[in-house]
Amino acid sequence: MDTVTLEGTEYNVLAKRPESLTDKPFTYCPGCNHGTTHKIIAEVIDELDIQHRCIGIASVGCSVFSYEFFDFDFISVPHGRALAVATGAKRMRPNAVLMTYQGDGDLAAIGTAETIHACNRGERVTCIFVNNAIYGMTGGQMAPTTLLGMKTTTSPLGRDATRIGWPIKMSEMLSPLPGAAYIARVSMHDAKHILKAKAAIKKAFRAQLEDKGFSMVEVLSNCNVNWHMTPEDAVKFVKEKMTENFPLGVYKDVWEEEKAAKQPKKEEG
Amino acid sequence: MSDDRVFMKGNHAACEGAYRAGCKAYFGYPITPQNEVTEYMSAHIWEHGGTFIQSESEIAAINMIMGASAAGARAMTSSSSPGISLKQEGLSYIAMMELPMVVMNVVRCGPGLGNIAPHQGDYFQATKGGGHGDYRLITLAPNSVQEMAQYVYDAFNLADKWRNPAMVLTDGTIGQMMEPVDYTSMPWMEPPDKSEWQLDEFQDGRKRHVLTSIWLDPADMAVAHEKLIAKYDKLKKEEVRYSEYRTDDAELLVVAIGSPSRVTHSAIRILRQEGLKVGLLRPITVWPFPYSAIREYADSKHVKAILVPEMNWGQMIEDVKLAVLDKKPLHFVPKHGGLTFTPEDLTEPIRAILENPDNPDTLWRVS
């Protein structure tokens with residue numbers, strides 16, 4: 001176990017900041033899940049020992065400055081284009097590990113085409129998709145994933161399906177594409193689910209490292225500020241309403257499929 | 001290709017120039033009249049250790065190029081006018097992040113879908129930035145198949161020298177026509193080392209590299225942008241290129257680029273036989289633009305008038321006006337809709353201008 005000596009006394013180190021995070025304090029709002037999501041991603045990267053091979057793609061939204069917190073090479077790119085940029089970089093550097101970190105507006109509205117086609121090409125990149133059902137940075141406008149009835153600054157009467165359609169389900173949309181290797185939806189509403197999220201993120205990076213194809217983890221998160229809730233109520237909303245609309249689970253698992261393909265087929269009759 | 005001198009199409013020659021410059025990535029989307037670039041790249045870039053993707057859109061293509069360039073590779077995309085419009089967002093970011101790359105515009109007629117005939121309507125877009133914000137692309141304007149190859153090759157070198165995106169601005173005629181090309185002036189080269197700033201998998205033992213175009217504090221943004229402007233000022237001093245044809249004694253100076261500059265050549269040959277003193281100054285870099293060279297002719301005693309023929313309603317002529325001011329009468333002959341010039345389209349107005357340098361039929365005024 002690591003030890004640290006402070007004023008002559010030796011202490012055991014039980015927990016510390018992952019190597020893959022810089023020492024810059026997070027600038028996210030209190031109660032927001034971005035900080036915890038960054039931390040578990042950094043822990044996974046440490047555990048896989050790939051920090052010095054990682055190239056991060058920062059998108060546009062609350063996570064626009066994510067490159068200040070992750071401690072590896074990074075590029076900040078136009079709104080919605082992260083997976084196209086990741087594609088170009090990965091094709092030139094197949095031994096690098098590419099991660100995009102994108103919000104719902106970025107990935108599921110303005111960048112929908114880039115998302116679908118990166119997945120369909122089976123690009124060896126890992127996408128962390130933070131779904132909090134709202135545009136946080138611009139001040140609480142409706143997102144493609146905003147739930148029906150949810151009030152935002154651009155759906156002041158609540159989202160109405162007849163006018164603007166339904167919350168878009170990206171994990172369900174992408175998982176049938178053959179290029180997808182691993183697609184999972186996780187939630188950040190309690191410790192148990194955060195651990196599950198971390199396990200999913202690790203699998204997503206493994207899919208890239210093992211050259212299996214495209215991987216994405218959809219992370220259900222809260223935005224207590226723009227949801228106009230207390231942090232506690234916002235977490236409850238994720239647990240009860242977000243997971244109801246966006247069912248958690250693994251939508252594509254290439255290893256499970258490979259396993260199933262190896263099973264001897266049952267004789268008919 | 002074993003032989004250095006071959007007969008080929010402009011759009012294909014551009015690819016060969018790119019391969020020789022060490023281009024390892026081409027991402028693009030089909031659009032006429034530049035499909036031969038995408039097709040040729042899809043067939044041959046593999047032989048040069050490169051990668052091709054037919055992207056889902058022009059937007060995706062330029063962003064893939066952004067990624068490839070950030071990763072240190074020499075990368076290129078191409079399109080024609082409507083597709084180039086879609087690439088402008090990406091070019092703005094690429095310019096601010098100082099990523100070297102090459103984009104070729106085989107210009108067709110617009111606005112809107114327009115048609116697939118050659119045109120020069122994208123001059124403003126190519127030379128004044130094009131996307132949002134205040135930036136410039138190094139822009140080269142070839143007028144032959146030879147130059148399609150050479151200027152793509154040169155564009156890669158200029159882009160890396162200055163860490164700036166470079167554009168090759170051509171038109172449908174130059175892209176589609178066939179001519180012999182000699183590649184001896186384009187020796188095979190490996191891309192330069194970019195390990196100082198590129199994103200890669202060798203970060204152990206070095207500081208991480210971050211590429212960004214966001215500075216929230218206006219004071220910081222001003223500093224970042226000043227750096228860019230200082231680079232542009234240097235570029236204007238060091239990289240202006242143009243060619244001259246029979247300008248020494250010219251009483252009428254034509255300033256033209258692209259396929260109209262070729263027609264101007266023919267017109268000059270006809271007029272010189274009649275004893276008329278006509279010459280051509282052809283900007284090769286349209287950004288930076290050869291203002292001083294044109295100004296010298298405007299100041300000279302032998303030049304009586306200046307003529308700009310363009311396949312648009314007057315774009316490059318505004319740059320020429322900035323050089324000429326009111327020192328000499330400035331004339332304009334347009335072609336539009338995708339129609340192309342014949343030598344007679346030029347010889348006739350030139351004869352009239354030489355008879356009366358203030359001939360109102362072609363005289364161009366700011367307002």
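At a glance:
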read-out: Dipole in debye (nearest 20) - the protein assembly as shown, about Cα centre, beta carbon charges: Lys, Arg +1; Asp, Glu -1; value: 560
read-out: Rg/Rg_ref, the protein assembly as shown, where Rg_ref = 2.2 N^0.38 Å and atoms are Cα; value: 1.12
read-out: Contour minus Cα-Cα distance for B:Ala224 and B:Met178 (0.36 nm per residue); value: 12.1 nm
read-out: P(r) tail fraction, the range B:1-119 - alpha-carbon pairs more than 25 Å apart, %; value: 20
read-out: B:Leu363 versus B:His132: modelled label distance in nm, points set 7 Å from Cα along the beta carbon direction; value: 4.3
read-out: log₁₀ of I(q)/I(0) at q = 0.19, 0.24, 0.29, 0.34 Å⁻¹ - the range B:244-285, Debye sum with one point per alpha carbon; value: -0.47, -0.72, -0.99, -1.23
read-out: Ranked B:Thr184, A:Thr22, criterion: other C-beta atoms within 10 Å, fewest first; value: B:Thr184, A:Thr22
read-out: Reciprocal mean inverse distance between Cα atoms of chain B - Kirkwood radius, Å; value: 21.1
read-out: Percent of C-alpha pairs per 10 Å bin, chain A, short to long; value: 7, 30, 35, 19, 7, 2, 0, 0
read-out: Exposure proxy ranking, count of Cβ atoms within 10 Å, fewest first, for B:Arg295, A:Arg81; value: B:Arg295, A:Arg81
read-out: Cα-based convex hull, the range A:155-269, per residue volume (Å³, whole number); value: 162
read-out: Backbone N within the range B:319-348 under 14 Å of label point (7 Å from B:Glu355 Cα along the Cβ vector); value: B:347-348
read-out: Helix-derived mean residue ellipticity, 222 nm - over chain A, DSSP H n ≥ 4, -39500 (n - 2.57), to 500; value: -9000 deg cm²/dmol
read-out: Cα coordinate range in the range B:57-171, projected on the principal axes (Å, largest first); value: 36, 30, 24
read-out: Least to most buried among B:Met189, A:Met150, B:Met177 (fewest other Cβ within 10 Å first); value: B:Met189, B:Met177, A:Met150
read-out: Residue among B:Pro192, B:Pro290, B:Pro218 with the largest mean-square fluctuation in a Gaussian network model of chain B, springs linking Cα atoms under 10 Å; value: B:Pro218
read-out: Computed FRET value (nearest 0.05) for A:Gln263 with A:Phe65, which takes r as the C-beta separation and R₀ as 56 Å; value: 0.75
read-out: Residue of A:Cys223, A:Cys119, A:Cys62 that the Gaussian network model of chain A assigns the largest fluctuation, springs spanning Cα pairs under 10 Å; value: A:Cys62
read-out: Rough spin-label spacing in nm, given labels placed 7 Å along Cα→Cβ, for A:Asp2 and B:His336; value: 6.9
read-out: Computed label-point distance, nm, for sites A:Met229 and A:Thr153 using a 7 Å Cα→Cβ extension; value: 2.0
read-out: Volume of the Cα convex hull of the range B:244-355, divided per residue and given in Å³; value: 90
read-out: Length added when fully stretched, A:Arg17-A:Val250, from 0.36 nm per residue minus Cα-Cα; value: 81.0 nm
read-out: Whole-Å distance, taken between Cα centres, linking the range A:136-167 and the range A:20-58; value: 29
read-out: Debye log10 I(q)/I(0) for the range A:1-66, one point scatterer per Cα, at q = 0.27 Å⁻¹; value: -1.26
read-out: B:Glu274-A:Asp160 FRET efficiency (beta carbon distance; Förster radius 60 Å; 0.05 resolution); value: 0.20
read-out: Fluctuation leader among A:Glu210, A:Glu43, A:Glu123 - chain A, Gaussian network, Cα springs under 10 angstrom; value: A:Glu210
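Readers should treat all values here as calculations from the given coordinates under stated rules, not as data from a laboratory. These figures come from a predicted structure and were not determined experimentally. Cβ atoms come from the backbone with ideal geometry, glycine included; neighbour counts cover every protein chain shown.
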